[in-house]
Amino acid sequence: MKNMKLTPSLRSLTGELTIPGDKSISHRAVILGSLAEGTTKITNFLNGEDCLRTVAAFRLLGVEIGEEGSTLHIHSNGYSKFNEPTEPIYFGNSGTTARLMLGVLAGLPFFTVAHGDASLTKRPMDRVVVPLKEMGASFNGRNNGNYLPLAINGGELKGMQYTIPVKSAQVKSALLFAGLFADGITEIIEPAATRNHSENMLEAFGANITRQGNQININNGQLKATDVHVPGDISSAAFFIAAAAIVPESNVTLINVGLNETRTGIIDVLTDMGASITISNKQTVSGETIGDITIKHQNLRGTVIEGDIIPRLIDELPIIALIATQAEGKTVIRDAAELRLKETDRIDAVAAGLTQLGANIEPTEDGMIIHGANQLNGGFVSSYNDHRIAMMHAVASLIANDDVTIDDVSSVAISYPNFFRDLESICN
Ligand code: S3P
């Protein structure tokens, strides 16, 4: 338990901050770098606990991965030389490691057992297990293979056409990776655009992939080792974007942040709420758009967040809910029932925590309704061991009128090990 008491300061946030590497892209770089024969160098890799689970998984399969700060060197003999692991693979808290690795393990012609921590063990895996079984892999676990631990017999996959029933980049990616091993073409149809880092990186690694609208086709084939530079994570930047948006007299520039448009929903929503945001130094690095985001404090108004924008800001909804407590009028979030299936039930966790601090927020089946603007109070809140809930409360403490104590902040190491250091560095 790492209990943390944060004393309100109402210090403005000013200056520049370089945001650490993107979690989604770091996972994918390790996966494709390990599947490809040869040497892949990854720079600005996120050394968070989740991404290190993916590294550990490939080490168990026999891939040599060297770490030097935020640079990884992957030396792989290609997936045909992977070893059948003699011990279970541990995914920890990482839903992305779990879903994406199940796609890979489905394609490998051997037996594996995979397990996770208490939170991950409660999260549904059938969204990937059902289509992967249809492709020919075998999964055994509780509830017909819906929950970890899972026993997997992979290999001899067949391509298929599949319309994904949930808006999930993890499901899409698992099927794309399985498609690398399958006989024939795997055709995937998405119900709405979700983050497309897997597609971008598969192209960079020379996969046989084509995309048209919401359909992606992939054929089997070898990958070509390619160096990857990981952009800063907009989902981590979101906490400073929020802090600058709600703390008076703030003016912050976040450097080298990933601006892939499947991820920038938070910028669109904040702009709609009246925030002052400017983007500069836009460029493309390793197939991804990056740039600097400058945000200044400004009065905000409520908005409605629904429909196809949801996958473009799914991980930012907790911090957007906090921003909405400081906006005049009503903010409605709907079509976001997926939030109930994250590291914790983020609808209940956000509503309970912000209510505790004096916000007026109602949880609904698929989102929340927030009535602003309210002065936040101090209080004792829980992170529910969820990194994004812990960081949301840390930002809330900046505008509270008394101490905010968070029960346990150790989970920030999942996606942002130096979060508190970086926050302090821009608080005046
Ligand atoms: C992720 C996809 C999203 C997101 C998660 C990372 C990814 O999950 O919430 O943090 O890297 O593909 P879903 O696919 O469940 O929407």
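For the subset of the range 191-245 comprising residues that are open to solvent by 40 Å² or more (accessible area, probe 1.4 Å) and basic (Lys, Arg), which member is farthest from the ligand (Cβ to nearest atom)? That would be Lys224.
In the range 308-344, what count of residues is obtained for those that are on the phi > 0 side of the Ramachandran plot and within 19 Å of the chain's Cα centre (by Cα)?
Going residue by residue through the range 308-344, those that are on the phi > 0 side of the Ramachandran plot are 329, 335.
From what is left, the residues that are within 19 Å of the chain's Cα centre (by Cα) are 335.
Count: 1.
Residues in the range 367-386 that are outside any loop (DSSP other than H, G, I, E, B) and either of a type in the set (Phe, Trp, Tyr) or over 16 Å from Lys5 (Cα atoms) (or both): Gly367, Met368, Ile369, Ile370, His371, Gly372, Phe380.
Determine, yes or no, whether Thr262 is part of a loop (DSSP other than H, G, I, E, B) and either surrounded by 17 or more Cβ atoms within 10 Å (Cβ to Cβ) or modelled with pLDDT of 95 or more (or both). Don't jump to the end; show me each part of the working.
Values: part of a loop (DSSP other than H, G, I, E, B): yes; either surrounded by 17 or more Cβ atoms within 10 Å (Cβ to Cβ) or modelled with pLDDT of 95 or more (or both): yes.
When the stated conditions are applied, Thr262 passes them.
If the condition is being more than 30 Å from Pro124 (Cα to Cα), outside any strand (DSSP E or B) and of a type outside the set (Gly, Ala, Ser), then the range 65-107 contributes only Lys81. Within the range 305-360, the set of residues being open to solvent by 10 Å² or more (accessible area, probe 1.4 Å) and among the hydroxyl-bearing types (Ser, Thr, Tyr) comprises Thr344, Thr355. Filtered by the rule that a residue be crowded, with 22+ Cβ neighbours inside 10 Å and either in a strand (DSSP E or B) or of a type in the set (D, E, K, R) (or both), the range 108-126 gives Thr112, Ala114.
Do you know which residues across the range 87-109 are touching a Phe, Trp or Tyr at 6+ places or on another chain (Cβ under 8 Å) and more than 13 Å from the ligand (Cβ to nearest atom)? Once the filter is applied, which keeps residues that are touching a Phe, Trp or Tyr at 6+ places or on another chain (Cβ under 8 Å) and more than 13 Å from the ligand (Cβ to nearest atom), the range 87-109 yields Val104, Ala106, Gly107, Leu108.
Can you pull out every residue in the range 170-190 that is open to solvent by less than 10 Å² (accessible area, probe 1.4 Å) and either part of a helix (DSSP H, G or I) or more than 16 Å from the ligand (Cβ to nearest atom) (or both)?
Here is the first cut: in the range 170-190, the residues open to solvent by less than 10 Å² (accessible area, probe 1.4 Å) are 171-180, 182, 186, 188.
Val171, Lys172, Ser173, Ala174, Leu175, Leu176, Phe177, Ala178, Gly179, Leu180, Ala182, Thr186, listed by residue number.
The values are calculated or read from the model by the stated rules, or taken from the named source; none is laboratory data. Just so you know, these numbers come straight off a predicted model, no measurement behind them. Using ideal geometry, Cβ is built from the backbone for each residue, glycine included, and neighbour counts are taken over all protein chains shown. Ligands, DNA and RNA are excluded from the accessible area calculation, which covers all protein heavy atoms including side chains. Shrake-Rupley method; radii C 1.70, N 1.55, O 1.52, S 1.80 Å.
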